[in-house]
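The values are calculated or read from the model by the stated rules, or taken from the named source; none is laboratory data. None of these values were measured; they are calculated from a predicted model. Note that we place each Cβ from the backbone using ideal geometry, even for glycine, and neighbour counts take in every protein chain shown. Just the protein is used for accessible areas: all its heavy atoms, side chains included, with ligands, DNA and RNA removed. Shrake-Rupley method; radii C 1.70, N 1.55, O 1.52, S 1.80 Å.
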Amino acid sequence: MRGTELPLNQTQKVRLQRALDKLESLSSKSNSNASVTVADSIPVNYEDGVLKGHGTSELNGEVVATVCGIVERVNKLVYVRALRSRYKPEVGDIIVGRVVEVAPKRWRIEINFSQDAVLMLSSMNLPDGIQRRRTALDELNMRSIFEENDVICAEVRGFQHDGLHLQARSQKYGKLKRGQLLTVPPYLVKRRKQHFHNLVDYGIDLILGCNGFIWVGEHVVPADDMVEDQTEQQTLKSDVTLTSLEEQEQVSTPLEIRQYICRTANAIRVLSTLGFIVTVEVIMEIVDLSCSMNVDIHQMLGSEFCVLVAEKEVERRTLTKKKR
(Lines give C-alpha, C1' and ligand atoms only; values in the text may rest on other atoms or scores of the structure.)
Protein backbone atom coordinates (compact mmCIF):
# COMPACT_ATOMS: atom_id res chain seq x y z
CA MET A 1 0.00 0.00 0.00
CA ARG A 2 1.13 3.49 -0.69
CA GLY A 3 1.81 5.87 2.14
CA THR A 4 -1.23 8.10 2.37
CA GLU A 5 -0.86 11.80 3.13
CA LEU A 6 -4.36 12.54 4.39
CA PRO A 7 -5.11 14.91 7.29
CA LEU A 8 -6.40 12.18 9.61
CA ASN A 9 -7.43 12.49 13.22
CA GLN A 10 -6.44 9.79 15.70
CA THR A 11 -9.60 7.71 15.23
CA GLN A 12 -9.32 7.81 11.46
CA LYS A 13 -5.65 6.82 11.64
CA VAL A 14 -6.52 3.75 13.70
CA ARG A 15 -9.37 2.77 11.38
CA LEU A 16 -7.29 3.24 8.24
CA GLN A 17 -4.31 1.34 9.64
CA ARG A 18 -6.59 -1.52 10.72
CA ALA A 19 -8.10 -1.69 7.22
CA LEU A 20 -4.69 -1.60 5.52
CA ASP A 21 -3.39 -4.35 7.84
CA LYS A 22 -6.36 -6.57 6.95
CA LEU A 23 -5.84 -5.94 3.24
CA GLU A 24 -2.15 -6.77 3.58
CA SER A 25 -2.93 -10.02 5.38
CA LEU A 26 -5.46 -11.00 2.71
CA SER A 27 -3.02 -10.28 -0.13
CA SER A 28 -0.08 -11.96 1.63
CA LYS A 29 -2.04 -15.18 2.09
CA SER A 30 -2.95 -15.35 -1.58
CA ASN A 31 0.52 -14.38 -2.86
CA SER A 32 2.75 -15.82 -0.14
CA ASN A 33 4.54 -18.13 -2.58
CA ALA A 34 4.97 -15.56 -5.33
CA SER A 35 5.78 -12.24 -3.65
CA VAL A 36 9.41 -11.43 -2.92
CA THR A 37 11.43 -8.51 -1.59
CA VAL A 38 14.98 -7.44 -2.35
CA ALA A 39 17.58 -10.19 -1.67
CA ASP A 40 14.92 -12.90 -1.22
CA SER A 41 15.91 -16.27 -2.66
CA ILE A 42 13.84 -17.57 -5.60
CA PRO A 43 13.52 -21.38 -5.74
CA VAL A 44 14.50 -22.74 -9.16
CA ASN A 45 15.32 -26.12 -10.67
CA TYR A 46 18.86 -25.93 -12.09
CA GLU A 47 18.55 -29.36 -13.73
CA ASP A 48 15.98 -28.07 -16.24
CA GLY A 49 18.03 -24.97 -16.96
CA VAL A 50 17.24 -21.44 -15.80
CA LEU A 51 17.18 -18.13 -17.64
CA LYS A 52 17.45 -15.17 -15.29
CA GLY A 53 15.25 -12.29 -16.37
CA HIS A 54 14.50 -8.78 -15.15
CA GLY A 55 14.63 -8.25 -11.40
CA THR A 56 16.84 -11.26 -10.69
CA SER A 57 20.53 -11.87 -10.06
CA GLU A 58 22.80 -14.70 -8.95
CA LEU A 59 24.41 -14.55 -5.51
CA ASN A 60 26.34 -17.38 -3.88
CA GLY A 61 24.88 -19.89 -6.31
CA GLU A 62 21.28 -18.80 -5.70
CA VAL A 63 18.87 -16.73 -7.77
CA VAL A 64 17.81 -13.71 -5.71
CA ALA A 65 15.41 -10.86 -6.34
CA THR A 66 16.75 -7.36 -6.94
CA VAL A 67 13.33 -5.63 -6.80
CA CYS A 68 10.15 -6.07 -4.78
CA GLY A 69 7.41 -7.76 -6.75
CA ILE A 70 5.83 -10.99 -7.97
CA VAL A 71 7.81 -13.93 -9.32
CA GLU A 72 6.75 -14.85 -12.86
CA ARG A 73 7.83 -17.95 -14.78
CA VAL A 74 7.64 -18.46 -18.54
CA ASN A 75 9.11 -21.85 -19.45
CA LYS A 76 12.77 -21.56 -18.32
CA LEU A 77 12.64 -17.79 -17.86
CA VAL A 78 12.31 -16.52 -14.29
CA TYR A 79 11.78 -12.81 -13.63
CA VAL A 80 10.26 -10.50 -11.04
CA ARG A 81 7.40 -8.21 -12.02
CA ALA A 82 7.82 -5.03 -10.01
CA LEU A 83 4.77 -3.87 -8.07
CA ARG A 84 5.54 -0.23 -8.82
CA SER A 85 7.13 0.71 -12.10
CA ARG A 86 6.89 3.14 -14.96
CA TYR A 87 4.69 2.43 -17.93
CA LYS A 88 6.20 -0.02 -20.42
CA PRO A 89 4.22 -0.09 -23.68
CA GLU A 90 3.17 -3.38 -25.22
CA VAL A 91 1.60 -3.98 -28.62
CA GLY A 92 -2.18 -3.73 -28.36
CA ASP A 93 -2.25 -1.50 -25.26
CA ILE A 94 -5.16 0.94 -25.12
CA ILE A 95 -3.75 4.33 -24.18
CA VAL A 96 -5.05 7.84 -23.59
CA GLY A 97 -2.74 10.69 -24.54
CA ARG A 98 -2.45 14.38 -25.28
CA VAL A 99 -1.27 15.89 -28.55
CA VAL A 100 1.88 17.95 -28.00
CA GLU A 101 2.96 18.63 -31.60
CA VAL A 102 1.55 18.54 -35.12
CA ALA A 103 4.44 17.51 -37.39
CA PRO A 104 4.55 16.63 -41.11
CA LYS A 105 2.34 13.57 -41.66
CA ARG A 106 2.27 12.77 -37.94
CA TRP A 107 1.20 13.85 -34.47
CA ARG A 108 3.37 13.54 -31.38
CA ILE A 109 1.45 12.27 -28.36
CA GLU A 110 2.35 12.45 -24.69
CA ILE A 111 1.49 9.07 -23.17
CA ASN A 112 3.26 9.12 -19.78
CA PHE A 113 6.25 7.27 -21.26
CA SER A 114 9.94 8.19 -21.37
CA GLN A 115 9.42 9.49 -24.92
CA ASP A 116 6.51 10.85 -26.90
CA ALA A 117 4.60 8.46 -29.14
CA VAL A 118 3.96 8.99 -32.87
CA LEU A 119 0.58 8.75 -34.59
CA MET A 120 1.01 8.77 -38.35
CA LEU A 121 -1.61 10.30 -40.62
CA SER A 122 -1.75 6.99 -42.48
CA SER A 123 -2.46 5.09 -39.23
CA MET A 124 -5.90 6.54 -38.59
CA ASN A 125 -9.26 6.83 -40.29
CA LEU A 126 -10.00 10.03 -42.16
CA PRO A 127 -13.09 12.04 -41.18
CA ASP A 128 -14.90 11.08 -44.40
CA GLY A 129 -14.37 7.37 -43.64
CA ILE A 130 -13.05 6.53 -47.10
CA GLN A 131 -10.09 4.16 -47.31
CA ARG A 132 -7.70 5.92 -49.72
CA ARG A 133 -4.19 7.25 -50.01
CA ARG A 134 -3.38 10.34 -47.98
CA THR A 135 -2.83 13.38 -50.15
CA ALA A 136 -1.11 16.72 -49.64
CA LEU A 137 -4.52 18.24 -48.89
CA ASP A 138 -5.03 15.76 -46.05
CA GLU A 139 -1.66 16.78 -44.62
CA LEU A 140 -2.66 20.45 -44.76
CA ASN A 141 -5.90 19.67 -42.93
CA MET A 142 -4.27 17.71 -40.09
CA ARG A 143 -5.14 20.39 -37.51
CA SER A 144 -8.82 19.95 -38.33
CA ILE A 145 -8.47 16.37 -37.03
CA PHE A 146 -6.18 16.81 -34.02
CA GLU A 147 -4.39 19.91 -32.77
CA GLU A 148 -2.18 20.69 -29.79
CA ASN A 149 -3.60 19.84 -26.34
CA ASP A 150 -6.35 17.59 -27.77
CA VAL A 151 -6.93 14.44 -25.72
CA ILE A 152 -7.15 11.29 -27.83
CA CYS A 153 -7.46 7.55 -27.44
CA ALA A 154 -5.38 5.15 -29.53
CA GLU A 155 -3.72 1.73 -29.55
CA VAL A 156 -0.04 0.86 -29.38
CA ARG A 157 1.10 -0.40 -32.77
CA GLY A 158 4.73 -1.15 -31.93
CA PHE A 159 8.28 0.20 -31.84
CA GLN A 160 9.92 1.40 -35.04
CA HIS A 161 13.18 3.14 -35.90
CA ASP A 162 11.80 6.57 -34.96
CA GLY A 163 10.05 5.60 -31.73
CA LEU A 164 6.80 4.21 -30.42
CA HIS A 165 3.99 4.21 -32.98
CA LEU A 166 0.23 4.30 -32.38
CA GLN A 167 -2.76 3.53 -34.57
CA ALA A 168 -6.38 4.69 -34.48
CA ARG A 169 -8.09 2.68 -37.22
CA SER A 170 -11.37 2.19 -35.39
CA GLN A 171 -14.43 4.22 -34.49
CA LYS A 172 -13.73 3.74 -30.78
CA TYR A 173 -10.45 5.67 -31.12
CA GLY A 174 -10.08 9.38 -31.77
CA LYS A 175 -10.57 12.72 -30.06
CA LEU A 176 -12.13 12.77 -26.58
CA LYS A 177 -14.39 15.64 -25.57
CA ARG A 178 -16.59 16.75 -22.68
CA GLY A 179 -14.84 15.04 -19.83
CA GLN A 180 -11.88 14.92 -17.47
CA LEU A 181 -8.40 13.50 -17.96
CA LEU A 182 -6.98 11.90 -14.82
CA THR A 183 -3.47 10.65 -14.11
CA VAL A 184 -2.78 7.69 -11.81
CA PRO A 185 0.34 5.54 -11.36
CA PRO A 186 0.40 3.09 -14.32
CA TYR A 187 0.79 0.05 -12.07
CA LEU A 188 -2.72 0.70 -10.69
CA VAL A 189 -4.26 -0.02 -14.13
CA LYS A 190 -3.97 -3.68 -15.06
CA ARG A 191 -4.16 -4.94 -18.64
CA ARG A 192 -7.58 -6.45 -19.28
CA LYS A 193 -9.68 -7.57 -22.21
CA GLN A 194 -11.90 -4.50 -21.94
CA HIS A 195 -10.67 -0.97 -21.29
CA PHE A 196 -13.68 0.86 -22.74
CA HIS A 197 -16.66 1.03 -20.39
CA ASN A 198 -20.05 2.61 -20.91
CA LEU A 199 -21.61 3.27 -17.50
CA VAL A 200 -25.23 3.29 -18.62
CA ASP A 201 -26.63 4.22 -15.21
CA TYR A 202 -24.50 7.37 -15.17
CA GLY A 203 -24.58 8.19 -18.88
CA ILE A 204 -20.77 8.43 -19.09
CA ASP A 205 -17.87 6.70 -20.79
CA LEU A 206 -14.82 5.45 -18.90
CA ILE A 207 -11.53 4.63 -20.63
CA LEU A 208 -8.83 3.04 -18.46
CA GLY A 209 -5.59 3.71 -20.30
CA CYS A 210 -2.80 1.23 -19.68
CA ASN A 211 -0.41 4.18 -19.44
CA GLY A 212 -2.09 5.58 -16.32
CA PHE A 213 -4.16 8.21 -18.14
CA ILE A 214 -7.89 7.72 -17.49
CA TRP A 215 -10.69 9.49 -19.33
CA VAL A 216 -14.12 10.13 -17.81
CA GLY A 217 -16.56 11.87 -20.12
CA GLU A 218 -20.07 12.11 -21.47
CA HIS A 219 -21.25 9.04 -23.39
CA VAL A 220 -20.70 9.37 -27.12
CA VAL A 221 -22.38 7.08 -29.65
CA PRO A 222 -19.80 5.99 -32.25
CA ALA A 223 -20.67 7.46 -35.63
CA ASP A 224 -20.95 5.29 -38.71
CA ASP A 225 -18.44 6.60 -41.22
CA MET A 226 -19.38 4.21 -44.03
CA VAL A 227 -19.84 6.45 -47.04
CA GLU A 228 -21.34 5.37 -50.33
CA ASP A 229 -19.37 5.68 -53.51
CA GLN A 230 -21.79 8.00 -55.20
CA THR A 231 -20.26 11.47 -55.39
CA GLU A 232 -23.65 13.20 -55.54
CA GLN A 233 -24.72 11.80 -52.17
CA GLN A 234 -21.37 12.83 -50.65
CA THR A 235 -21.86 16.47 -51.64
CA LEU A 236 -25.41 16.48 -50.30
CA LYS A 237 -24.35 14.99 -46.98
CA SER A 238 -21.40 17.34 -46.46
CA ASP A 239 -23.55 20.33 -45.52
CA VAL A 240 -25.68 18.23 -43.18
CA THR A 241 -22.58 16.87 -41.45
CA LEU A 242 -21.18 20.34 -40.87
CA THR A 243 -24.42 21.61 -39.37
CA SER A 244 -24.78 18.54 -37.14
CA LEU A 245 -21.23 18.99 -35.80
CA GLU A 246 -21.92 22.64 -35.05
CA GLU A 247 -25.09 21.69 -33.20
CA GLN A 248 -23.22 19.11 -31.13
CA GLU A 249 -20.67 21.74 -30.10
CA GLN A 250 -23.41 24.12 -28.99
CA VAL A 251 -25.29 21.54 -26.89
CA SER A 252 -23.91 21.51 -23.35
CA THR A 253 -23.57 18.46 -21.13
CA PRO A 254 -26.55 18.07 -18.72
CA LEU A 255 -25.89 18.96 -15.10
CA GLU A 256 -26.65 15.44 -13.82
CA ILE A 257 -24.12 13.86 -16.17
CA ARG A 258 -21.50 16.46 -15.20
CA GLN A 259 -22.05 15.57 -11.56
CA TYR A 260 -21.58 11.87 -12.31
CA ILE A 261 -18.40 12.69 -14.24
CA CYS A 262 -17.04 14.55 -11.20
CA ARG A 263 -18.10 11.77 -8.81
CA THR A 264 -16.42 9.13 -10.97
CA ALA A 265 -13.28 11.24 -11.27
CA ASN A 266 -13.13 11.73 -7.49
CA ALA A 267 -13.64 7.99 -6.97
CA ILE A 268 -10.56 7.35 -9.14
CA ARG A 269 -8.61 9.96 -7.19
CA VAL A 270 -9.52 8.21 -3.93
CA LEU A 271 -8.32 4.86 -5.29
CA SER A 272 -5.06 6.47 -6.43
CA THR A 273 -4.55 8.07 -3.01
CA LEU A 274 -5.08 4.75 -1.23
CA GLY A 275 -3.00 2.83 -3.80
CA PHE A 276 -5.81 0.45 -4.76
CA ILE A 277 -6.09 -1.18 -8.19
CA VAL A 278 -8.40 0.85 -10.43
CA THR A 279 -11.22 -1.26 -11.87
CA VAL A 280 -14.64 -0.30 -13.17
CA GLU A 281 -16.37 -2.44 -10.53
CA VAL A 282 -14.64 -0.71 -7.62
CA ILE A 283 -15.21 2.72 -9.17
CA MET A 284 -18.95 2.09 -9.47
CA GLU A 285 -19.10 0.86 -5.88
CA ILE A 286 -17.46 4.06 -4.64
CA VAL A 287 -19.81 6.25 -6.70
CA ASP A 288 -22.85 4.33 -5.40
CA LEU A 289 -21.50 4.63 -1.84
CA SER A 290 -21.17 8.40 -2.16
CA CYS A 291 -24.69 8.70 -3.56
CA SER A 292 -26.27 6.43 -0.93
CA MET A 293 -24.60 8.39 1.89
CA ASN A 294 -25.43 11.76 0.29
CA VAL A 295 -21.77 12.73 0.25
CA ASP A 296 -21.11 15.92 -1.71
CA ILE A 297 -18.74 15.71 -4.64
CA HIS A 298 -16.02 17.80 -2.99
CA GLN A 299 -16.36 15.81 0.26
CA MET A 300 -15.40 12.59 -1.55
CA LEU A 301 -11.77 13.69 -1.32
CA GLY A 302 -11.99 14.14 2.44
CA SER A 303 -10.32 11.92 5.01
CA GLU A 304 -13.51 10.31 6.35
CA PHE A 305 -14.69 9.11 2.95
CA CYS A 306 -11.24 7.70 2.11
CA VAL A 307 -11.30 5.68 5.33
CA LEU A 308 -14.79 4.42 4.47
CA VAL A 309 -13.59 3.31 1.03
CA ALA A 310 -10.69 1.39 2.60
CA GLU A 311 -13.09 -0.35 5.01
CA LYS A 312 -15.49 -1.21 2.16
CA GLU A 313 -12.58 -2.64 0.19
CA VAL A 314 -11.79 -4.96 3.10
CA GLU A 315 -15.38 -6.19 3.10
CA ARG A 316 -15.38 -6.70 -0.66
CA ARG A 317 -12.14 -8.71 -0.72
CA THR A 318 -13.25 -10.77 2.27
CA LEU A 319 -16.51 -11.71 0.53
CA THR A 320 -14.63 -12.49 -2.69
CA LYS A 321 -12.26 -14.79 -0.82
CA LYS A 322 -15.14 -16.63 0.89
CA LYS A 323 -16.87 -17.23 -2.48
CA ARG A 324 -13.73 -18.91 -3.77
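If I fit a long axis through the Cα atoms of helix 280-292 and take the longest principal axis of the Cα atoms of the chain, what angle between them do I get, 0 to 90°, rounded to 10? Its long axis makes an angle of about 90 degrees.
The listed residues D296, D93 rank as D296, D93 when sorted by accessible area, largest first, using a 1.4 Å probe.
Rounded to the nearest 20 debye, the dipole size of the stretch 71-208 about its Cα centre is 560 debye, using +1 on the Cβ of Lys and Arg and -1 on the Cβ of Asp and Glu.
Figure note: D138, D162 ranked by solvent-accessible area, largest first, 1.4 Å probe, ligands and nucleic acids not counted: D162, D138. In the chain, the calculated helix contribution to ellipticity at 222 nm averages -10500 deg cm²/dmol per residue, counting -39,500 (n - 2.57) for every DSSP H run with n ≥ 4.
Across F113, F213, the residue with the most accessible area heads the list, and the full order at a 1.4 Å probe is F113, F213. Each of V221, L208, V36 was scored by the projection of its Cα onto the charge dipole of the chain, and the greatest displacement toward the positive side belongs to V36; charges sit on the C-beta of Lys, Arg, Asp and Glu. Please give the helix 255-274 orientation as an angle from the longest Cα principal axis of the chain, in degrees from 0 to 90, rounded to the nearest 10. Between the helix axis and the principal axis of the chain, the angle is about 30 degrees. For the stretch 28-135, applying the loop criterion from DSSP together with a ceiling of 15 other beta carbons within 10 Å to the GluC sites (Glu not before Pro) yields E90. Accessible surface for C291 stands near 50 Å², nearest 10, in the context of the full protein assembly shown (1.4 Å probe). Would you mind telling me the share, in percent, of accessible area of the stretch 22-94 contributed by carbon and sulfur at probe 1.4 angstrom? Carbon with sulfur: 50 percent of the solvent-accessible area. Here the dipole of the chain is about 1360 debye; that uses its Cα centre as origin and unit charges on the Cβ of Lys and Arg (positive) and Asp and Glu (negative).
Taking Cα atoms only, the orientation of helix 231-250 departs from the longest principal axis of the chain by about 50 degrees. For S27, the accessible surface of its heavy atoms amounts to roughly 50 Å² (probe 1.4 Å, protein chains only, rounded to the nearest 10). Pairs spanning more than 32 Å between alpha-carbon atoms, out of K193/K322; K13/K321; K76/K172; K52/K105: K76/K172; K52/K105. Result for the chain in a Gaussian network model with C-alpha springs under 10 Å: among N211, N125, N141, the largest mean-square fluctuation is at N141. Counting only DSSP beta bridges whose two residues both lie in the chain, roughly 90 percent are antiparallel.
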